[in-house]
Amino acid sequence: MNEHHDTATTKAGPVTVIGLGPMGQAMTRTLLAAGHPVTVYNRTAARADGVVADGAALAATPRDAVEASELVVLSLTDYQAMYDLLDGATASLTGRTLVNLSSDTPDRSRQAAAWASGHDASFLTGGVMVPAPMVGTPASHIYFSGPHEVMDRHSPTLALLGTPRYLGDDPGLAQMMYQAQLTVFLAGLSALMHATAMLGTAGLKATEALPELLAFADSIGDILRAGEQTPGTALDAGEHPGHLSTVTMMGATADHIVETTASLGLDLALPRAIQAHYRHAIANGHGNDNWTRIIDSVRRPQ
């Protein structure tokens with residue numbers, strides 16, 4: 001067992017955190033609370049004041065930060081920020097593991113893994129699926145992808161931040177899952193605001209509307225899991241049985257939402273985007289299929 005392996009798996013092994021937005025600060029405090037010596041770096045050094053007061057060591061340069069630990073966790077705006085910070089420290093990357101928890105595209109994650117490998121460093125992609133206040137709590141989970149042996153080596157430390165859900169060797173997989181999850185999340189937030197605006201035109205305050213809307217949002221998972229065949233099973237089998245919610249029925253509802261939104265003078269972008277999926281399926285002769293048929297227009301946009 002080499003020295004790096006010992007350090008990474010020892011409870012008190014040092015960890016470097018680069019990027020001290022709310023997420024980076026939360027991760028730093030979680031690691032400190034677990035007994036890890038933590039070195040931090042942020043372009044705006046003042047952002048480190050709080051975690052330094054809690055026991056973290058502030059590195060003067062990115063190179064110093066990298067050299068302080070074998071395990072380097074990055075929480076930045078995007079992957080370009082990693083290059084901007086570490087391009088002057090590449091000589092120090094040899095033998096270290098970079099865990100990039102920043103948001104970007106799957107392709108950029110794969111490119112970053114190749115870049116790290118070119119500097120004799122290991123690379124894990126991660127996607128944190130909770131907001132900063134939940135980091136380190138039982139509700140926290142993080143998707144990871146990259147070399148299996150690297151994940152195994154650092155899993156005990158990374159598990160402190162959130163339950164690790166390892167997806168495979170492809171460095172782009174965790175980023176893909178992160179983006180997919182955020183697609184649902186962001187679309188849901190936009191839908192909630194759209195619906196709240198609709199109800200607001202009828203005199204309902206947000207404090208009255210949102211509890212009803214959120215209760216329905218909470219029930220969507222139960223609705224989709226009900227019955228003998230879940231949407232996932234049907235989609236994997238390429239089947240779209242239309243005995244319940246057909247494209248035509250759901251499409252009519254989408255039309256009504258567009259009409260209502262227009263009559264209220266609200267933004268039409270979201271309802272029209274939804275309407276377009278159903279119209280595409282109907283135009284292609286799938287009106288009697290299940291609503292899941294709309295995946296065709298996502299897979300093959302016209």
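The values are calculated or read from the model by the stated rules, or taken from the named source; none is laboratory data. Since this is a predicted model, take the numbers as computed values, not measurements. When we count neighbours, we look across all protein chains shown, and the Cβ atoms used for this are built from the backbone with ideal geometry, even at glycine.
Just wondering, is there one or more residues in the range 111-130 that are out of contact with any Gly (no Cβ under 9 Å at 6 or more places or on another chain) and among the charged types (D, E, K, R)? Within the range 111-130 (the criterion being out of contact with any Gly (no Cβ under 9 Å at 6 or more places or on another chain) and among the charged types (D, E, K, R)), the answer is no, since none of the residues qualifies. When the residues of the range 243-263 are filtered to those that are among the hydroxyl-bearing types (S, T, Y) and not in a helix (DSSP H, G or I), the one that is modelled with the lowest pLDDT is S245. The single residue among G118, G95, G88, G136 that is modelled with pLDDT under 95, farther than 20 Å from L186 by Cβ and surrounded by fewer than 23 Cβ atoms within 10 Å (Cβ to Cβ) turns out to be G88.
Set side by side, the residues A33, A68, A26 differ, and just one is in contact with a helix residue (DSSP H, G or I) (Cβ under 7 Å, 6 or more places away or on another chain) and either touching a residue at least 24 places away in the same chain (Cβ under 8 Å) or closer than 15 Å to A121 by Cα (or both), which is A26. When the range 12-39 is filtered for residues that are over 23 Å from the mean Cα position of the chain (by Cα) and outside any helix (DSSP H, G or I), the ones remaining, listed by number, are A12, G13, P14, A34, G35, H36, P37, V38, T39.
Taken together, L270, L204, L264, L224 contain a single residue that is loosely packed, with under 15 Cβ neighbours inside 10 Å, assigned by TED's automatic domain parsing to the domain that holds A187 and in contact (Cβ under 8 Å) with a residue 40 or more places away in the chain, which is L264. Going through (1) surrounded by fewer than 16 Cβ atoms within 10 Å (Cβ to Cβ); (2) within 29 Å of T201 (Cα to Cα); (3) hydroxyl-bearing (S, T, Y) one by one, Y278 falls short only on (1).
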